[in-house]
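Report on the following structure.
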Amino acid sequence: MTATRDGRELGPPLEAHRFDEAALAAYLKDHIPGFEGNCTIQQFLGGQSNPTFLIEAASGSYVMRKKPPGELLPSAHAVDREFRVISALAQTRVPVAKAHVLCEDDSVIGQMFYVMDYVSGRVLTERGFPDCTPEQRAAMYHSMADVFGAFHAVDYKAVGLETFGRPSGYVARQVARWSKQYEASKVEDWAPMDKLIDWLPKNDPDDDQASIVHGDYRAGNIIFDNDGPDVVAVLDWELATIGHPLADLGYFMMPYRLNHEESTYGIAGMDLAGLGIPPEDAVLEKYARSAGRDHVPNIDYYIVFSMFRLAAIQAGVLRRGLDGNAADPRAIERGRPYKQMAASAWAIVEGM
């Protein structure tokens, strides 16, 4: 049986992700000051990568993220990196959950995991935020853009993340990485992906910049205040590294270039003015002011890059679903749209 909390779907831990709950409670009692046992554990069912669980104990509500079981692709599911970055951001303007403990000992529950506070608020996964007014939507989009700009403005060296990634050549490395990941996980040939793999490195703007990048900044990974439009926490830092901020921004802006009838991510073709959703240029301007920029160059290239990367991720979700070790039982259904995503990206290239 499933339930919801703050709009987030929960259920009993999936068979493939079950672990010794008593061992976990004992470990947390020893490593989190004030933690009280006798906890109940449910699994969040919306994620596709690192299994995520709600732990409700007498001392409060917590969230655990752990690696999935089975053989994993190289460098994937890096929960230790998630823990490191949210710990570093705790004293910045970027709202994150309080991180408590990272366990790298697989013998405790079978995989590496970390635990952080549960942050109450609204997670809005439906595009267009259907239960909000136009005024609320406008304020929420501006808050997302403002937080994102503030995040990219963080001095990553000052917060102890100087070794978190390589500051140069990010896009080239990402194209190479996701090309390899796609080849390792693909279940069929798809010409648009092959074309993007060839086109992206040949057309890299080569305008190296460096900041912390989130890698999956979107409404579904954001918690909004229950009573207002402000972002109160940014979630899911698995893909975070030091990289190119505009590549990160391209992903956030991607829905503006995806038709809402062809992609579940897309808002293009919707009545944005009627909904109160700011136009693309207004969001870019809000982001630029918060990030301390005069303008945002080469956004088309970075949007295409982001679509390609997402398509590669979706192809991996599809593969995990077919192999039976995905974090969500709907993985096959949610992975198949990689083909349309790649086709949409290639259509932008042809338009350029």
Checked pairs for region 186-213, first in the same structural domain as ILE332 (by TED's automatic domain parsing), second among the small types (Gly, Ala, Ser) and buried (at least 16 other Cβ atoms within 10 Å of the Cβ), C-beta under 6 Å and 6 or more apart or across chains, list as LYS186/ALA315; PRO192/ALA342; PRO192/ALA343; MET193/ALA342; LEU196/ALA345; ILE197/SER179; VAL213/GLY243
Please enumerate the residues belonging to region 230-274 that are under 14 Å from the mean Cα position of the chain (by Cα), among the hydroxyl-bearing types (Ser, Thr, Tyr) and assigned to a loop (DSSP other than H, G, I, E, B). TYR265
Taking the condition in contact (Cβ under 8 Å) with a residue 24 or more places away in the chain, within 19 Å of the chain's Cα centre (by Cα) and either under 24 Å from LEU310 (Cα atoms) or part of a helix (DSSP H, G or I) (or both), does VAL154 pass? no
Qualifying positions in region 32-65 - hydroxyl-bearing (Ser, Thr, Tyr) and surrounded by 14 or more Cβ atoms within 10 Å (Cβ to Cβ): SER49, THR52, SER59, SER61, TYR62
One residue is enough: does region 166-173 have a residue meeting the conditions crowded, with 18+ Cβ neighbours inside 10 Å, outside the structural domain of GLN42 (by TED's automatic domain parsing) and in contact (Cβ under 8 Å) with a residue 60 or more places away in the chain? yes
(1) part of a helix (DSSP H, G or I); (2) under 21 Å from the mean Cα position of the chain (by Cα); (3) at pLDDT 95 or above: which one isn't true of ILE212, the others all being true? (1)
Taking the options LEU246, LEU275, name whichever one is aliphatic (A, V, I, L, M), crowded, with 23+ Cβ neighbours inside 10 Å, modelled with pLDDT of 95 or more and not assigned by TED's automatic domain parsing to the domain that holds SER49. LEU246
Of residues in region 157-189 being among the hydroxyl-bearing types (Ser, Thr, Tyr) and over 20 Å from the mean Cα position of the chain (by Cα), the one farthest from LYS339 (Cα to Cα): THR163
May I ask you to list the residues in region 114-128 that are outside any loop (DSSP other than H, G, I, E, B) and touching a Leu at 6+ places or on another chain (Cβ under 8 Å)? TYR114, VAL115
Cβ-Cβ distance below 8 Å, separation of 6 or more or different chains: which pairs start in region 1-13 with a residue that is without any contact (Cβ under 8 Å) to a residue 24 or more places away in the chain and end on one that is outside any loop (DSSP other than H, G, I, E, B) and surrounded by 15 or more Cβ atoms within 10 Å (Cβ to Cβ)? THR4/LEU10
Is it fair to say GLN136 is surrounded by 19 or more Cβ atoms within 10 Å (Cβ to Cβ) and touching a residue at least 40 places away in the same chain (Cβ under 8 Å)? no
Among PRO229, PRO279, which is over 30 Å from ASP189 (Cα atoms) and without any contact (Cβ under 8 Å) to a residue 40 or more places away in the chain? PRO279
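The values are calculated or read from the model by the stated rules, or taken from the named source; none is laboratory data. Quantities reported herein were computed from a predicted structural model and do not represent experimental measurements. All Cβ positions, even for glycine, are placed from backbone atoms using ideal geometry, and neighbour counts span all protein chains on display.
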